[in-house]
Amino acid sequence: MGGGRSQVNKAHKTRFASKASRHAHKIDKVRSGKPESSHRAAVKGARAARIQQSKAIRDKKRAALLKEKRSTIGSSGTPRVIVLVGLSSSSNVGSLAKDLLTFAEGCDGKLRSSTVASPTYKLRTTVLQAPYGDLTSCMELAKVADLLAFVLPANSLYSGDSSSPIDEFGSQCLSVFRAMGLPSTAVFIRDLPADNKSRQELKKAATSFLSAELPEDCKFYLADTKDDLHKFMWLFKEQHLSSPHWRNQRPYVMSEQVCIKPDDNTGLCTLLVSGYLRAHNLSVNQLVHVSGAGDFQLSQIDVLKDPCPLNERKSSDVMETEDNGIQIVNTFVPDCTNQEPLLVENVPDPLAGEQTWPTEEDMEEANINNKQRKLVKRKLPRGTSEYQAAWIVDDTDDEDNDSDNDNQAGSGMVIDEQGHADQGSDGSDIDAVSHFTEKFDEETVGDTEMADEENLTKEQIEAEIKKIKEANAEDEEFPDEVETPLDVPAKKRFAKYRGLKSFRTSSWDPKESLPPDYARIFAFDNFTRTQKHVLAKIAELDGGTKDCALVGSYVRLHVTNIPTDIASKLCHPSRRIPVVVSGLLQHESKMSVLHFSIKKHDSYEAPIKSKEPLIFNVGFRQFTARPLFSSDNINCNKHKMERFLHHGRFSVASVYAPICFPPLPLIVLKNRDGEQPAIAAVGSLKSVDPDRIILKKIVLTGYPQRVSKLKAIVRYMFHNPEDVKWFKPVELWTKHGCRGRIKETVGTHGAMKCIFNSSIQQHDTVCMSLFKRAYPKWPEQLYQV
C-alpha cells in the first residue's frame, strides 16, 4: 500500500543525542575493536546483574525476617516483656497487670511469677509495672521493654472531669522515653462504660489526644473485658516488635531470680543472676555490666532448663540436677588465655618520660661549656687562690659588666651613689613619656576627667573601675570578661593562658601539657575502625557456639568480685525493678574522654554549671560524671568552653567515663535533696576522643584615658609595667570593631600606649583575649547504688 510513496518519518533531533552517538559514523568499526552490538549486550548484562543483585538482597532480608520471627515467637523465643506505665496518678496499673497475667495463663489461681506461658496463644509474656513517681525505675524498665504500654483511665477523658489524662510526671516520662528511643508502644484504655457507642467515642478521643505524643505506629486497645484482652493477645502475638538500635548491639539478661554466693572473708561475693538471654549470644570470656553496680568478670555460665516452657516435655539433655531442683543443661567456664581482662584505668609509670643517665652527646656538650667557662677572664682580688675563686659568685661581675656596657652605650639612666641622675644619660624613658603626654594634650579628642592614678589608693582604684564597668553595661554580650587582680601580677595570675592570632587557624598541640589524669585513660588511633572491628566480633559470636550461651536460652550468670554491700542492695526484697546484666563490647570497661551532644531539658529551670556532679544514663549504664560544656565548631579543631549549659541550643559535654560505642542515648539527671532526681538534659553519644581541644577564654578589658586618631593610652587592663611587657605580643581588639597592638608602657602603674587600625572612640573598650586548655574533672565515685 505504501510502495515508493511510503511515509518517511523525520529523524530524531540531534540535540537529544549524546556526543558519542553523533560522531559514531565517523569511527571505523574494525579499528575500534568493538562489535556493533557490544553496547547492547553490555546494557543487557548490567540489567541482568542488577536484577540478580536485588533478588539476592530481597532473599537475604526475607531470611533475616523469618529467622527473627522464629526466634521471637514460639517455644524457642524469649518471653515478650510488657511494661505498663501510668500517665497519671489515677491510672490503676496493678489491676491491669493482674488481669493480663491471669488471662494469659488461663487459670484463676494465684500467680507465681510475672512471666507466664500461654499454650492457647503459643506465646510467653512478662508483665512488669512501672512505679508511679519513680522516674529512675521507669527509665530502667523502659530499657528492657519489648512493648511499652501506657495505661489511660477513661474517666480522665470526660470533659466535665478536672483531672488530665497526662499529668506532669506522665509528660516527663514521655519526654525521657522519646529521648532514649521508644520500642513498640501501645495504649490501654480502662474503666470504660458498658454501651459500645460510648466505648468507641472514648477510644477516638484518646487517639486524637495522644497521637501527637506517641509514634505513628502506636496501637490503641480497649482493656476492660476478656474479649478486649483476647483481641490484644491475638494481635500482640503476630505483631512485629521494634526495639532501639543501641539495645540490639549488646547481649543482656533481665533477672528472673537473683541470689548471693558469699566468698571467704574478703568483703566480696558472687552474684547469681538467672534469666533469659536476649539480643545476642554471650561468651563466658566477655565482661559484663551490672546496672548501677559496675563492670565485672564472669566465672561461669550455666544453661538451665527453661522454667516456663510452652510445651511440657521431658528433656533428655539435662546434665545434672541440683539439690533445689534446678536442672543444668550445659556449663561454660572461661578460658584464661582468651578471657578479657578487667581494665578500668591505665597505671601510669612516673619515670616513663625521665632520662636519668646522660648520653655521650650531653657529656661532650658539658665539657665544651666547661672549657669556655674557664677561658672567661674574671677580676679577682689580689692574692685569691683558685680554690677561693671557685666560691666567688659570677653574678656580681656580670651585673657590673652589664651596667658598664649599658653606661657606655648610653641606653639607660644610671644612678650614682648619692642617688642623683647622671648628667651624661639622656633620660629617654622620662622624655618619651612626657613627650607622649604633651602630644596627647594637643591632640586629644573627647578627653574625660579622670583622677591621677599615681595618687589613688587601692580602694579608690577598685571603686573607679567598678564605676566605669557599670557605665559600660555590656557584660551580657561579653560573658568572658575578668578583672585583673591588683595584688597579684597578671603574668602570674594568667600564666597558663596564651593569645591566639586566629581562633580558627592558629595551631594548638593536643599533646601539650596534659594533666596527670590523662595518664590514666585510654585512646584509639582510629576510633571508627576500632568500632567496626568490635561489632564484627559480636557477629562472629552469633555464628559460633564455642564458650557461648545461645540467645533465647535460660541462663544463670556467675558475676564475680562484687562488693557484698552492693550485692545485698541488688537482692533486697524492696527493690521493685529487675537487675539487668548486659554484655560489654571490647574496650568498654576502659576509661577515656567521652563527648556527648547535649541539650538542656525544657522542664529544668535551675542553672547547670560546668564540672557540676550529674548522673549520666548512657544505654544500660548509669554513672556519676562532672562534665565540661563546650561549643561545637564544625570548621575548627578548637572549641570554646561554656561555663553554663544554656537553654534552647545544643552543646557538647565532655566527661571521664568508661568507653562506649555510639549510637547511645543520654539522659542526664540532677540529684535533689529529699526528692527524686530531676531531668536536667538529654542528648546522645557523639565521640570518644581525648585529643579534642576545649579552650577556656577570658577577656581582659581596659579603658582609653586619652585618644588621638589611631593612638590611645589605655588604663586598668594591667597594674604594673612588667605585665604590659609580658602581654605585649598579644593582639588587642575593641568592642566597636578595631584591632590593635601594645606599643610601649606609660608610667609605673600599668598604663600603656596602643596603636589601632582605625580611629578609636573615647567611650570604646579595649579588650585582650587569652586562652588556655580546659579538661573535665575526674569523678570521685563512678557508680552509686
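The values are calculated or read from the model by the stated rules, or taken from the named source; none is laboratory data. From a predicted model like this one, the values you see are computed outputs, not experimental measurements. Heads up, the Cβs are rebuilt from the backbone with ideal geometry, glycines too, and the neighbour counts pull from every protein chain shown. Just so you know, the surface numbers come from the protein's heavy atoms only, side chains and all, with ligands and any DNA or RNA stripped out. Shrake-Rupley method; radii C 1.70, N 1.55, O 1.52, S 1.80 Å.
Given the structure, is Pro607 open to solvent by 50 Å² or more (accessible area, probe 1.4 Å), within 21 Å of His289 (Cβ to Cβ) and part of a loop (DSSP other than H, G, I, E, B)?
Spelling it out, it is not the case that Pro607 is open to solvent by 50 Å² or more (accessible area, probe 1.4 Å), within 21 Å of His289 (Cβ to Cβ) and part of a loop (DSSP other than H, G, I, E, B).
For Thr528, only one of the following conditions fails: (1) loosely packed, with under 12 Cβ neighbours inside 10 Å; (2) part of a helix (DSSP H, G or I); (3) more than 29 Å from the chain's Cα centre (by Cα). What is its number?
Status for Thr528: all satisfied but (3).
Criterion first (closer than 29 Å to Asn635 by Cα, hydrophobic (A, V, I, L, M, F, W, C) and in contact with a His (Cβ under 6 Å, 6 or more places away or on another chain)) does Ile694 satisfy it?
The answer is yes for Ile694.
Name the pairs whose Cβ atoms lie under 6 Å apart, with the first residue in region 250-265 and under 13 Å from His572 (Cα atoms), the second hydroxyl-bearing (Ser, Thr, Tyr) and buried (at least 18 other Cβ atoms within 10 Å of the Cβ), and 6 or more positions between them or separate chains?
Final answer for the pair search is Gln257/Ser274.
Would you be able to say whether some residue in region 657-670 is among the small types (Gly, Ala, Ser) and either open to solvent by less than 10 Å² (accessible area, probe 1.4 Å) or closer than 22 Å to Met591 by Cβ (or both)?
Looking through region 657-670, at least one residue is among the small types (Gly, Ala, Ser) and either open to solvent by less than 10 Å² (accessible area, probe 1.4 Å) or closer than 22 Å to Met591 by Cβ (or both).
Would a scan of region 716-724 turn up a residue that is crowded, with 16+ Cβ neighbours inside 10 Å, of a type in the set (Ser, Thr, Tyr) and under 30 Å from Val482 (Cα atoms)?
Yes - at least one qualifying residue is present in region 716-724.
Condition check: crowded, with 22+ Cβ neighbours inside 10 Å, outside any loop (DSSP other than H, G, I, E, B) and out of contact with any His (no Cβ under 6 Å at 6 or more places or on another chain). Does Ile598 satisfy that?
yes
Just give me the residues in region 104-119 being in contact (Cβ under 8 Å) with a residue 60 or more places away in the chain and either hydroxyl-bearing (Ser, Thr, Tyr) or open to solvent by less than 50 Å² (accessible area, probe 1.4 Å) (or both), in sequence order.
The answer is Ala104, Ser113, Thr115, Val116, Ala117, Ser118.
Considering each residue of region 748-758, count those that are surrounded by 15 or more Cβ atoms within 10 Å (Cβ to Cβ) and assigned to a loop (DSSP other than H, G, I, E, B), and give that number.
2
I'd like the full set of residues that are touching a residue at least 12 places away in the same chain (Cβ under 8 Å) and over 22 Å from Arg178 (Cβ atoms), limited to region 662-678.
Asn671, the sole residue that qualifies.
Go through region 566-595 and report how many residues are part of a strand (DSSP E or B), among the aliphatic types (A, V, I, L, M) and within 21 Å of Tyr276 (Cβ to Cβ).
Looking only at that region, the number is 2.
Within region 222-232, count every residue that is closer than 24 Å to Thr78 by Cα and buried (at least 17 other Cβ atoms within 10 Å of the Cβ).
The total comes to 2.
Please work out if Gly133 is at pLDDT below 80, of a type outside the set (S, T, N, Q) and surrounded by fewer than 22 Cβ atoms within 10 Å (Cβ to Cβ).
No; evaluated as a whole, the condition is false for this residue.
Which pairs do you get when a residue that is in a helix (DSSP H, G or I) and among the basic types (Lys, Arg), found in region 163-189, comes within reach of a residue that is modelled with pLDDT of 90 or more and crowded, with 19+ Cβ neighbours inside 10 Å, reach meaning Cβ atoms under 9 angstrom, with the pair 6+ apart or on two chains?
Correct list of pairs: Arg178/Val682.
So which pairs qualify, if the first residue must be in region 624-643 and small (Gly, Ala, Ser), the second must be surrounded by 15 or more Cβ atoms within 10 Å (Cβ to Cβ) and not in a strand (DSSP E or B), the Cβ gap must be under 6 Å, and the two must be at least 6 apart or on different chains?
Ala625/Pro779
Looking at Lys60, Lys55, Lys67, which one is under 30 Å from Leu123 (Cα atoms), surrounded by 10 or more Cβ atoms within 10 Å (Cβ to Cβ) and modelled with pLDDT of 85 or more?
After ruling out the rest, the residue left standing is Lys60.
Can you tell me how many residues in region 634-679 are within 25 Å of Ser603 (Cα to Cα) and among the basic types (Lys, Arg)?
4
Take the residues in region 477-512 that are in a strand (DSSP E or B) and either open to solvent by 40 Å² or more (accessible area, probe 1.4 Å) or of a type in the set (Lys, Arg) (or both), then tell me which one is modelled with the highest pLDDT.
It comes out as Arg498.
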